[in-house]
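Enquirer: Dumping the structure here so I can ask a few things about it.
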Amino acid sequence: MRLGLIGNPNTGKSSIFNLLTGLKQHIGNFPGVTVDKKHGGFSHAGIQYELIDFPGTYSIYPRSSDEKVVYDSLINAESEIRPQALLVVVDASNLERNLLLFSQVYDLQLPTLMILNMIDLADRRNLKIDLAGLKQKFPDAEIVTTNARIKSGKNRIYKALETLKVRAGHKFNVSEITSADDLEAQEKETLERQALIRDLINDVVTEEKQEETFSSKLDKILVHPVLGYLIFGLVLITIFQFIFTFANVPMDIIDGAFALLSDYFAGVMPEGIFTDLLTQGIIPGIGGVVIFIPQIALLFFFIGILEESGYLARVVFIMDRFMRPFGLNGRSIVPLMSSVACAIPGVMAARTIPNWKERLITILVAPLMSCSARIPVYTLLIALVIPEQKVFGFMNVQGLVLFCLYLLGIVMALVVAMLLNAIILKKEKGSLILEMPTYKMPRLSNLGLTVLEKVRVFVWDAGKIILAISIILWALATYGPSDRMEKAGVEADQMAQQMDLSPKETDQFVSSKKLENSYIGIIGKTIEPVIEPIGYDWKIGISLVTSFAAREVFVGSMATIYAVQDESETTAPLLEKMRREKLVDGTPVYSLATGVSLMVFYVFAMMCMATLAVVKRETKSWKWPIVQVVYMGVLAYLGAYIAYITFS
Amino acid sequence: MVTELDKIANGRLVTVDSLKDSNLKVKLMEMGLISGKKVKVLFRAPFGDPIAIDIEGYVLSLRRSEANLIYVNSEKSL
C-alpha cells in the first residue's frame with residue numbers, strides 16, 4: 001500500500017519518516033522534475049507499506065517547484081505515484097497554521113491519518129488540545145499523538161493504519177480545492193478555510209499565558225548585529241578545524257588501502273590489459289570516489305547539527321541582506337562556505353534553497369570557492385615562483401599570495417552570481433518568508449541517517465560518472481597510437497643506459513617518456529599553441545588534462561613528467577627539477593608570470609570531474625555542468641592570460 | 001492607525017488589518033498573516049532587513065519588501 005507523508009516544514013516530518021522506515025530508505029526521482037523522492041518501506045500486520053516523503057509545504061497550493069510535486073501527485077488521480085492514503089504530520093504547538101494544510105488534504109477524500117507531533121512542546125507552552133473535539137471536526141480521519149524526537153508513537157501510527165476509514169464524502173470546507181495557478185480562487189477558498197479553522201481553534205485549544213521562551217532569549221544573542229556574526233564566524237572556524245583535522249586521517253587510510261589493493265592484484269594476476277585496467281583504472285577510480293566520503297560525511301554531520309538545532313535559520317536571517325545583491329539567498333551561505341572544504345557537499349547542500357533560480361546560481365558559482373584539493377597545487381606553485389620574503393616587516397609574501405588566491409575565488413563567485421542573476425530569467429521571484437523554528441537539541445539518529453543518505457547519493461549517483469571518467473583518463477594516459485609508446489619506452493631505456501642512470505631513475509625516465517607519447521601526451525602537445533599565450537608548455541598541458549580527474553593530481557602528473565619519484569610527502573625534488581626547466585632560449589619555464597598564470601588558472605578552472613558529476617546529479621541534466629565547464633574555462637583562460645601579460 | 005508592518009518598531013504588538021494585492025498575498029495568508037492576527041515585531045537583522053515577527057506563537061522572518069505588503073493596526077498606547 002502506498003502512503004504519502006505530508007506536512008509543514010519543521011514539524012518533525014523527517015523524524016516520523018525515520019521512525020517508520022529506519023534504514024530502509026531510498027532516494028529516487030519524482031517523475032519529470034528535479035525534485036528528489038525519498039521513500040522507504042515497512043510492514044505491519046501482514047501488509048507491506050511504501051511511504052513517500054513529500055517535500056514540506058504550508059499549503060496544498062504550490063509556491064515552488066518542490067511544492068508543485070505535492071499538488072500534482074495528490075490532485076491528479078492519474079499520477080503514477082498518487083498515494084492510497086495520507087499521513088499528515090501536524091505540529092501540535094502550532095495547530096492553527098498546520099491545520100490549513102491538514103484540512104486541505106482531508107478534503108481530498110483519501111483515507112487520512114493526522115499525526116499530532118511535538119505534543120510535548122504544546123504541553124510546555126501550556127496548550128491544551130481537546131482531542132475528542134478535534135476528532136469531531138474531522139470525523140473520517142484517524143488522529144494519533146506522537147513525540148517523534150524520543151521515538152514515541154510508532155505503534156500508535158501502526159494501529160491507526162489498521163483502522164483508516166475509506167472516505168464517504170465528509171469535507172471540512174465545502175468549496176473545492178482550486179487550480180494551482182488561480183491565485184484569486186485560492187485566496188477565496190483559503191479565507192473560508194481559515195475562518196473555519198479559527199472557530200475550531202477557539203473550540204478545542206485552550207492556552208494559558210506564557211513566559212518569554214528559551215528561544216527568544218537565545219535569539220537576542222544569535223542575531224545580534226555584532227555578536228551574531230562573531231558567533232557565526234566562530235562556528236565556521238570550528239567546523240573547518242574539525243574537517244581538516246579529522247577528514248585527513250580516514251582519507252590517508254583510504255588512499256593507502258586502495259594503493260595496497262592495486263598492488264595486491266597487480267602481484268597475483270597475470271600481466272595484461274585486464275590486470276592493468278583493474279589495478280590502474282578501476283581500483284584507483286573507485287578509490288577516487290571513496291576518498292571524498294570523509295569530507296562529505298563530516299560536512300553534512302555539521303550542517304545537520306546547524307539545521308536541526310534551528311541555528312541555520314538564524315544564519316540565513318543575518319546573512320540574507322548581504323547575499324541578496326548577488327542574486328543569492330541567505331541560504332546560499334552554507335553551500336558556499338562548505339565549498340571551501342569541498343564543492344561536492346557544497347553543491348549538495350544547495351538543496352535547502354527553495355527557489356530554483358537561487359539554488360542554480362549557488363550551484364554554478366560554488367566551485368569557484370577554493371577547495372582543499374587546490375591547496376597542494378597552490379603550495380607547489382607558490383613555493384616555485386614566489387620568493388620567501390616579508391612585506392611591512394611581518395607579512396609573509398607567500399602567505400599573502402595564498403590569501404589573495406582564496407579572495408580571488410570568492411570575489412569571482414559573487415561577480416558571476418550577479419551576472420547569472422541578470423542573465424537567467426525566471427518568473428519565480430526569491431522571497432524570504434521563512435519560519436524560524438524553535439531551538440532543539442539535534443538527535444544523533446537523525447544526523448546519522450542524513451549523513452548516510454548524502455553519502456549514498458554521492459557514491460551511487462555521482463560515483464558512476466566519476467569511475468567512468470577516471471577509466472577514460474587512465475586509458476588515455478596508458479595507451480598511445482599504434483606502438484608509439486613501446487618505441488618511446490625502448491628508446492628511453494637506451495638513452496637512460498647511455499646517461500648511466502640508476503635503475504630507479506631509469507624507470508622514472510621511461511614512464512615520463514611513455515606518458516609523453518600516450519594519447520594524453522599527444523593532447524597536451526596538441527593544445528600547446530592554445531596554452532602558449534598564457535605561458536604554458538606541453539608538459540603543463542599534460543598536467544592540465546590529467547588534473548581534470550582531481551586538481552591535486554596536477555602535482556603527481558608534474559612529478560611523472562619530470563621523472564621525479566614522489567616518495568616522500570615533500571615536493572622538494574620536484575621543485576628543484578621544475579626550477580631548472582629551461583625554454584629553448586634559456587629562460588626558465590617557471591617564471592613568475594607562468595606561475596601566477598597557473599595559479600589563476602587553478603582558481604577559476606572547473607578541474608574536477610567529481611563536482612561535475614554531482615552538479616549533473618543535483619540539476620538532473622548535463623546542461624548545467626557543461627555551462628559550468630565552459631564559463632569557468634573561459635574565466636580561467638582569460639584570467640591566466642591577464643596574469644601572464646601583467647607579470648611578464 | 002493603519003500602517004505597513006515594516007514601519008513598526010521592534011517590540012511592538014500590532015494586529016493584522018489586511019494584505020496588499022500581490023502574488024505573495026495567498027502565501028502570506030497561508031503563513032498565518034490573516035486579518036485579526038496579533039503580530040509582534042521581534043527583531044531586525046543589521047540594516048533593518050529582514051524582519052522577524054511572532055505570529056501568535058511562532059516566529060517568521062520576512063524581507064522588508066514583504067513586510068511592506070501587510071497593513072497592520074497599531075495602537076498608540078502599546
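Enquirer: Taking the residues in region B:9-34 that are more than 8 Å from chain A (Cβ to nearest Cβ) and under 13 Å from B:L69 (Cα atoms) as candidates, determine which candidate is modelled with the lowest pLDDT.
Expert: Only one residue tops the list, namely B:S22.
Enquirer: Among the residues of region B:24-36, is there at least one that is on the phi > 0 side of the Ramachandran plot and either β-branched (V, I, T) or touching a Phe, Trp or Tyr at 6+ places or on another chain (Cβ under 8 Å) (or both)? Give the derivation first.
Expert: Taking region B:24-36 first, the residues on the phi > 0 side of the Ramachandran plot are B:32, B:36.
Subsequent filtering for residues that are either β-branched (V, I, T) or touching a Phe, Trp or Tyr at 6+ places or on another chain (Cβ under 8 Å) (or both) retains B:32.
Looking through region B:24-36, at least one residue is on the phi > 0 side of the Ramachandran plot and either β-branched (V, I, T) or touching a Phe, Trp or Tyr at 6+ places or on another chain (Cβ under 8 Å) (or both).
Enquirer: Follow-up question, since we're still on this one. So which pairs qualify, if the first residue must be in region A:56-83 and more than 14 Å from chain B (Cβ to nearest Cβ) and farther than 17 Å from B:V26 by Cβ, the second must be part of a helix (DSSP H, G or I) and at pLDDT 90 or above, the Cβ gap must be under 6 Å, and the two must be at least 6 apart or on different chains?
Expert: A:S79/A:S73; A:I81/A:S73; A:R82/A:S73
Enquirer: Follow-up question, since we're still on this one. For region A:176-188: of the residues being among the acidic types (D, E) and assigned to a loop (DSSP other than H, G, I, E, B), which is nearest to A:D91 (Cα to Cα)? So that I can check it myself, show each step before the final result.
Expert: To start, the set of residues in region A:176-188 that are among the acidic types (D, E) comprises A:176, A:181-182, A:184, A:187.
Okay, now just the ones that are also assigned to a loop (DSSP other than H, G, I, E, B), so A:176, A:181-182.
Working: A:E176: 25, A:D181: 28, A:D182: 28 Å.
Restricting to residues being among the acidic types (D, E) and assigned to a loop (DSSP other than H, G, I, E, B), the top hit is A:E176.
Enquirer: More than 14 Å from chain B (Cβ to nearest Cβ), open to solvent by 30 Å² or more (accessible area, probe 1.4 Å) and under 36 Å from the mean Cα position of the chain (by Cα): which single residue out of A:K137, A:K171, A:K154, A:K159 fits that description?
Expert: Matching residue, one of A:K137, A:K171, A:K154, A:K159: A:K154.
Enquirer: Among (1) of a type in the set (V, I, T); (2) modelled with pLDDT of 90 or more; (3) farther than 16 Å from A:M337 by Cβ, where does A:I231 come up short?
Expert: (3)
Enquirer: Out of everything in region A:105-125 that is assigned to a loop (DSSP other than H, G, I, E, B) and over 25 Å from A:L74 (Cα atoms), what residue ends up being modelled with the lowest pLDDT?
Expert: Selected residue: A:R125.
Enquirer: Which pairs do you get when a residue that is more than 19 Å from B:V2 (Cα to Cα), found in region B:21-37, comes within reach of a residue that is open to solvent by less than 10 Å² (accessible area, probe 1.4 Å) and acidic (D, E), reach meaning Cβ atoms under 7 angstrom, with the pair 6+ apart or on two chains?
Expert: Taking only residues 6 or more apart or on different chains, the pairs are B:L24/B:E66.
Enquirer: Among (1) in contact (Cβ under 8 Å) with a residue 40 or more places away in the chain; (2) more than 11 Å from chain A (Cβ to nearest Cβ); (3) surrounded by fewer than 17 Cβ atoms within 10 Å (Cβ to Cβ), which single condition is B:D6 missing?
Expert: Among (1) in contact (Cβ under 8 Å) with a residue 40 or more places away in the chain; (2) more than 11 Å from chain A (Cβ to nearest Cβ); (3) surrounded by fewer than 17 Cβ atoms within 10 Å (Cβ to Cβ), the lone unmet condition for B:D6 is (3).
Enquirer: Scan region A:128-175 for residues that are in a loop (DSSP other than H, G, I, E, B) and either without any contact (Cβ under 8 Å) to a residue 24 or more places away in the chain or over 17 Å from A:Q109 (Cβ atoms) (or both) and report the count.
Expert: Of the residues in that region, 7 qualify.
So that you can scan it fast, the table gives a plain yes or no per residue for (1) open to solvent by 40 Å² or more (accessible area, probe 1.4 Å); (2) over 26 Å from A:L592 (Cα atoms):
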residue: A:S332; (1), (2): no, yes
residue: A:A343; (1), (2): no, yes
residue: A:V347; (1), (2): no, yes
residue: A:K390; (1), (2): yes, no
residue: A:N396; (1), (2): yes, no
residue: A:L402; (1), (2): yes, no
residue: A:L419; (1), (2): yes, yes
residue: A:A422; (1), (2): yes, yes
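Enquirer: Can you work out which of the residues in region A:270-288 that are open to solvent by less than 40 Å² (accessible area, probe 1.4 Å) and over 33 Å from the mean Cα position of the chain (by Cα) is nearest to A:W460 (Cα to Cα)?
Expert: Residue satisfying both the conditions and the ranking: A:T275.
Enquirer: Out of the residues in region B:41-67 that are facing another protein chain (nearest Cβ under 7 Å) and among the hydroxyl-bearing types (S, T, Y), which is nearest to A:L434 (Cα to Cα)?
Expert: Filtering first and then ranking leaves B:S61.
Enquirer: Would you say B:G48 is surrounded by 19 or more Cβ atoms within 10 Å (Cβ to Cβ) and either modelled with pLDDT of 95 or more or touching a Lys or Arg at 6+ places or on another chain (Cβ under 8 Å) (or both)? Steps first, answer last, please.
Expert: Details: surrounded by 19 or more Cβ atoms within 10 Å (Cβ to Cβ): no; either modelled with pLDDT of 95 or more or touching a Lys or Arg at 6+ places or on another chain (Cβ under 8 Å) (or both): yes.
Answer is no for this residue.
Enquirer: Turning to a different aspect of this structure: Condition first: in contact (Cβ under 8 Å) with a residue 24 or more places away in the chain, open to solvent by less than 30 Å² (accessible area, probe 1.4 Å) and within 14 Å of chain B (Cβ to nearest Cβ). Now tell me which residues in region A:424-459 satisfy that.
Expert: Scanning region A:424-459 gives A:G430, A:L432, A:L434, A:E435, A:M436, A:P437.
Enquirer: Which of the residues that make up region A:87-133 are out of contact with any helix residue (DSSP H, G or I) (no Cβ under 9 Å at 6 or more places or on another chain) and within 12 Å of chain B (Cβ to nearest Cβ)?
Expert: Listed by number, the list holds a single entry, A:N126.
Enquirer: Output yes when any residue across region A:192-206 is crowded, with 17+ Cβ neighbours inside 10 Å and assigned to a loop (DSSP other than H, G, I, E, B), and no when none is.
Expert: Looking through region A:192-206, none of the residues is crowded, with 17+ Cβ neighbours inside 10 Å and assigned to a loop (DSSP other than H, G, I, E, B).
Enquirer: Hey, could you check region A:435-458 for residues that are among the basic types (K, R) and over 21 Å from the mean Cα position of the chain (by Cα) and say which is nearest to A:K38 (Cα to Cα)?
Expert: A:R443
Enquirer: Given the condition open to solvent by 40 Å² or more (accessible area, probe 1.4 Å) and part of a helix (DSSP H, G or I), answer yes or no: does some residue in region A:8-31 qualify?
Expert: Yes, that holds for at least one residue.
The values are calculated or read from the model by the stated rules, or taken from the named source; none is laboratory data. Note that the structure is a prediction, hence the values are computed from the model and not measured. FYI the Cβ positions are ideal-geometry reconstructions off the backbone, even for glycines, and counts take in every protein chain you see. These area figures cover heavy atoms from the full protein model, side chains too; ligands, DNA and RNA do not enter into them. Shrake-Rupley method; radii C 1.70, N 1.55, O 1.52, S 1.80 Å.
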